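First comes the structure, then the notes that go with it.
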Amino acid sequence: MICEIIQVPGEPGSGAGPDAFKPGIDYVCSKASRIELRNLESRDWREAAREMRLTAELSEKVRKPYYHLVLSWHEHEQPTDDQQVEAMDHLIRSLGLEEHQAVIGTHRDTRRCHIHAVINTVHPLTEKVWSKSKDHEKAELACRQIELDQGWSHDRGHFDLVVVVTEGRRVARLLPKPAAHWDKVRTDREAGRRPKTSAEIRTEKRTGFETFDHSLPDPLKAKVRAAVEGSADWPTLHLALRELGLRYQPFGSGARVHLIGSTEYAKASSFGSWFSLSRMEKRLGPHVPAIADPEPDADAHLDHPVPAGPIGLEGAPSPEDEKATRAEAFKVTLLRRLYVNIHVDPRIAREIRFVALNARPPRIAFRDGVTVRDHGPELTTSASTRAARATMIAMAKAKGWTTVVPSGEDADYIRQMSLEAAAAGLRVMGVPPEVQAEADRIYARWQATRPMIDHHAEAARQAHLEDQADREAAVRDNAAARKHVADQKREVSAEAQAVIDVIGPGREPAASEKRRMVREVRDRLLANLSKAMPAPKPKPAPDAAKTDPAGARRIQRQLRENDARELDDLKRLDIGMVAAAGGWSDVSATHPDSSDRQGRRFRIYQRGGDTIKCTLTKAGHWLWTSNKSGRAGSVFDLWRLDNPGRTLGHARAALRELAGTTPVSALAERPVPAAPADPEDHDHTAARQRWEQASMIRGAATYAEVRGIARSTLDRFATELRCGPFAGILFAHRNLETGDIQGFEQRWERDGAKNQARFAKGGRKSLCVLGDLRSSTRMVVCEGGLDALAVAEIENRADTIYVSTGGGFGPETVRALARLAEGRRVFGAFDADVAGETLHARLVTIVPSARRLAPRGQVAGSSRICKDWLEVLNATKGTRPLHPPADSPSHPSQAPLSAPTPDDLPSLGWN
């Protein structure tokens with residue numbers, strides 16, 4: 001949960017003057033599902049504003065007596081009105097406002113439950129004004145305590161959470177986050193890197209593509225920043241952005257950057273915090289709107305003349321991929337993906353002069369005057385340059401083309417485009433035989449060296465788009481069927497009404513009987529039409545995670561991000577290591593120009609007749625400049641200066657080696673945040689978000705099936721299971737009070753090795769509960785989720801909940817077990833070994849009536865010695881059917897349910 005202290009737009013600080021009481025209270029109460037008044041004479045909220053204003057006038061010093069608080073919960077958390085009011089009362093007490101006038105209202109008009117409180121900062125008796133000092137810190141502490149008391153998940157704040165136990169009660173304490181944390185936050189915001197919101201995650205799951213905000217390439221951000229730095233006023237900036245195909249437009253309290261010619265936009269802060277509306281207005285003055293978007297051909301004079309025989313590239317998706325390109329998500333994101341793709345390569349991005357996606361046809365112009373035009377099934381260019389060819393290849397891939405045919409009479413262009421397209425993973429057709437053979441060899445090499453994760457990610461995306469196309473076709477078919485039946489019903493009704501009109505309105509018995517018969521025929525025909533209407537073909541809502549159970553797209557994105565992160569880390573390498581490897585001497589202590597004799601943030605190196613001066617930036621990167629040549633750059637550029645002709649890949653390999661041999665003190669300082677004092681309490685927001693992003697278990701192959709769990713068992717408990725990485729399986733651990741996810745067990749196997757971390761990092765253990773809490777009279781406790789599934793499949797009982805402790809008995813697990821044991825018979829189904837006996841003994845200390853339910857010995861008909869329930873399950877499947885037929889009297893659905901006895905399943909070795 002989070003607390004927001006409302007700030008009136010355009011005014012510094014929180015709160016507002018006395019005039020804000022009436023509109024504020026009207027807003028809170030007009031939408032409220034429950035209203036509470038505190039310390040007010042009137043019981044009618046409509047009189048509260050007048051009373052609070054009169055109280056505020058008792059103080060001559062107060063300027064802003066209006067104080068507005070909002071508490072909101074995650075959309076998966078649904079507190080009752082009582083819980084919300086209790087939470088707000090706790091917050092008010094924590095701020096020291098419990099004796100002040102307040103109007104409280106609970107709201108349920110959005111996905112997230114939230115509660116408002118309008119408070120008067122003037123005390124009604126003492127007339128003193130409440131101090132707002134450290135109100136944000138006090139509010140955050142109150143939120144963390146409410147989460148502990150009511151069992152909600154912890155949201156991130158400005159402080160680290162530490163939980164201490166005082167007189168048996170868990171009490172929240174706040175610790176300031178280390179300076180390194182805030183340095184990283186500032187650096188990330190400056191670069192436009194922000195965590196994805198829940199709405200953005202939902203959009204990605206629906207479309208299968210990253211949102212515009214999170215797909216912006218760094219070269220594009222650099223070009224936008226250069227446009228800002230080169231603009232002295234708003235008109236100049238708008239013109240510079242228009243050449244980039246963008247438009248800056250205020251929205252709400254911030255701004256959006258729109259892609260001209262498309263409905264796509266990104267938050268201005270996605271380009272960097274320096275691009276926010278407030279900072280732009282400080283730089284350029286009050287915002288001046290841009291003129292209307294240019295006409296599609298307004299920039300035609302900038303084009304390079306198109307030659308008589310234009311050269312180009314034709315293409316199409318493969319037959320197996322064509323269906324995916326029909327999906328609406330593919331179509332609506334096409335322009336944005338075209339735009340992003342052409343800016344990924346920094347060398348190409350620097351060459352682009354302007355982008356006109358709203359032109360007909362859309363076109364991209366380069367600094368050398370060359371133009372690329374998009375004609376739909378064909379791309380053309382006015383000249384064959386490296387930038388033009390690379391741009392056409394990027395556009396072809398965004399269009400979903402897998403096969404391309406270079407066109408034109410320029411033989412050099414045909415050859416260059418064929419080889420470059422093949423190297424980018426496009427199959428080339430229709431070129432001269434010698435070029436075709438070379439392109440085929442390059443394409444085969446690309447296929448052989450393509451990372452497997454890229455293949456899986458692309459296959460998952462294609463499958464998702466095909467599912468979307470099927471769903472959209474089904475929706476269209478259903479709509480057409482409904483329209484057809486509706487048209488027929490209108491015709492029948494019209495014909496019946498025409499006959500009734502002919503009969504006339506007379507009251508004679510004969511006329512009335514005729515009208516009645518007509519209506520009966522009409523109603524019968526309408527009923528038959530309704531019955532004849534084809535049943536709709538329901539399709540689940542689009543979810544990209546369902547077609548990607550192994551998380552290939554997420555892993556691919558993480559690898560890409562990790563690659564960028566490694567580059568950033570290597571840029572933090574101490575420049576002295578790179579300089580020493582290149583034969584440079586550190587003269588910082590003796591050089592007359594040195595302003596930092598110890599070389600902490602500024603250094604000078606010499607080699608021969610050249611001198612380089614190095615500065616450590618706030619981001620921890622060393623930048624150098626050569627006095628002799630004027631060249632400059634990072635540690636990568638310094639290494640390449642000393643190793644001419646070598647690539648960035650060579651530089652990265654060399655710096656990796658240097659970083660591996662570098663003492664810690666030689667690296668730029670990057671303090672690590674201190675861990676919370678109590679390891680049992682974590683901020684499990686990240687764990688909850690990972691659970692939300694994981695794909696559903698239905699229809700997906702998982703590690704559980706490899707271990708012998710039946711598909712029907714997984715489907716039975718599908719709400720508590722998700723697919724994990726490497727085709728693994730996740731088991732939900734929920735808060736028993738609220739039902740909210742606060743962590744999960746995870747099991748998978750990769751290359752023959754089982755995962756070691758069995759519980760989600762950042763999560764909090766309680767219990768994984770499989771079964772119906774409302775109807776169960778029996779509880780079986782297991783060590784892990786797979787054990788619980790195995791026992792559930794063996795027993796196949798509807799009166800039992802099967803719970804997993806996740807491998808331990810933490811404080812929250814103990815409380816959950818004690819609560820669930822009330823009114824239920826409890827059995828401990830731990831392994832038949834010393835560890836299992838120890839766990840059962842621990843269970844008995846929590847639930848003294850718990851009975852032992854352990855696998856023992858051998859299953860009849862099998863020579864296998866069974867130690868755990870998974871082994872029992874697999875041994876049983878190898879000897880006989882696990883359950884009787886559904887129509888058998890002994891089937892659980894036909895026979896009364898009871899506690900197991902040694903005779904229930906003698907072959908399984910029950911105790």
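Just so you know, all these numbers are worked out from the coordinates, no wet-lab data involved. Given the structure is predicted, the values throughout are model-derived calculations rather than measurements. So basically every Cβ, Gly included, is an ideal-geometry build from the backbone, and we count neighbours across all protein chains shown.
In what sequence do T80, T203 fall when counting other Cβ within 10 Å, fewest first?
T80, T203
Contact order normalised by length for the stretch 186-284, with contacts defined as Cα pairs under 8 Å and 6 or more residues apart; what percent is it?
30 percent
Estimate the FRET efficiency between S318 and R156 by the formula 1/(1 + (r/R0)^6), using the beta-carbon distance for r and 35 Å for R0, to the nearest 0.05.
On the way: r = 45 Å, r/R0 = 1.28.
For R0 = 35 Å, the calculated efficiency reads 0.20.
Once amide H atoms are placed 1.01 Å from N in the peptide plane, what residues at a sequence separation of 5 or more from G724, or on another chain, have their amide H within under 5 Å of its amide H?
I729, L730
Once whole DSSP H runs in the chain are found, which of them have Cα atoms spread over 27 Å or more along the helix axis and a mean Kyte-Doolittle score of at least -0.5? Write out the running numbers ahead of the final one.
Working: long enough: 452-503 (76 Å, -0.66); 509-532 (34 Å, -0.78); 552-571 (28 Å, -1.74).
Qualifying helices: none.
When the helices in the chain are scored as -39500 (n - 2.57) per DSSP H run of 4 or longer and the sum is shared across all residues, what 222 nm value do you end up with, to the nearest 500 deg cm²/dmol?
One gets -12500 deg cm²/dmol as the mean residue ellipticity at 222 nm.
Please quote Rg/Rh for the stretch 186-284 to two decimal places, taking the Kirkwood radius as Rh and restricting both calculations to Cα atoms. Please report the intermediate quantities before stating the final value.
Values: Rg = 13.4 Å, Rh = 13.9 Å.
Computed over Cα atoms, the ratio is 0.96.
Would you mind working out the magnitude of the charge dipole of the stretch 152-208 relative to its Cα centre, with +1 at each Lys and Arg C-beta and -1 at each Asp and Glu C-beta, to the nearest 20 Debye?
Charge dipole of the stretch 152-208: 180 debye, to the nearest 20.
Counting pairs of alpha carbon atoms under 8 Å apart in space and at least six apart in sequence, what relative contact order in percent does the chain give?
7 percent
Using the per-residue mean of other Cβ atoms lying within 10 Å as a proxy for protection, in what order, highest first, do the peptides 477-483, 585-591 fall?
585-591, 477-483
Counting Lys and Arg as +1 and Asp and Glu as -1, each charge on the Cβ, what is the dipole of the stretch 1-54 about the Cα centre in debye, to the nearest 20?
160 debye
If you place +1 on the Cβ of every Lys and Arg and -1 on the Cβ of every Asp and Glu, how big does the dipole about the Cα centre of the chain come out, in debye to the nearest 20?
380 debye
Quick one: compute the contact order of the stretch 573-666, relative version, from alpha carbon pairs under 8 angstrom and 6+ residues apart, as a percent. Could the numbers behind the result be given before it?
On the way: 131 pairs, mean separation 21.5, N = 94.
Relative contact order, the stretch 573-666: 23 percent.
Determine the distance separating the Cα centre of the stretch 750-790 from the Cα centre of the stretch 231-246; give it in Å without decimals.
So the two Cα centres are separated by 56 Å.
Read through the labelled values (i) 1.18; (ii) 1.01; (iii) 1.47 and report the label of the one computed as Cα Rg over 2.2 N^0.38 Å from the structure.
It is the one labelled (i).
Which listed residue (W401, G312, F602) has the Cα farthest towards the positive end of the charge dipole for the chain, taking +1 on Lys and Arg C-beta and -1 on Asp and Glu C-beta about the Cα centre?
Farthest along the dipole direction, towards plus: F602.
Rounded to the nearest Å, what's the spacing between the alpha carbon centres of the stretch 1-65 and the stretch 331-391? Just the number, please.
The stretch 1-65 and the stretch 331-391 have Cα centres spaced 55 Å from each other.
Filter K323/K397; K223/K267; K61/K132; K205/K754; K267/K618; K196/K331 down to the pairs with a C-alpha to C-alpha distance above 19 Å, please.
K205/K754; K267/K618; K196/K331
Taking 0.36 nm per intervening residue step and subtracting the Cα-Cα distance, what contour gain separates A589 from I2 on full extension?
Gain on stretching A589 to I2: 206.2 nm.
Just to confirm my numbers, what's the Cα centroid distance between the stretch 445-478 and the stretch 800-856 in Å?
45 Å
Along the positive direction of the dipole of the chain (beta-carbon charges: Lys, Arg +1; Asp, Glu -1; about the Cα centre), which of L870, T647, G96 reaches farthest?
Going by the Cα projections, it comes out as T647.
Among L284, I260, L239, whose Cα lies farthest out toward the positive end of the dipole of the stretch 186-284, if unit charges sit on the beta carbon of Lys, Arg (+1) and Asp, Glu (-1)?
L284
Any idea what diffusion coefficient the stretch 1-133 gets from Stokes-Einstein, in µm²/s, Kirkwood Rh on alpha carbon pairs, 4 °C, 1.567 mPa s? It would help to have the intermediate numbers written out before the result.
Working: Rh = 14.8 Å.
For these conditions, the coefficient is 87 µm²/s.
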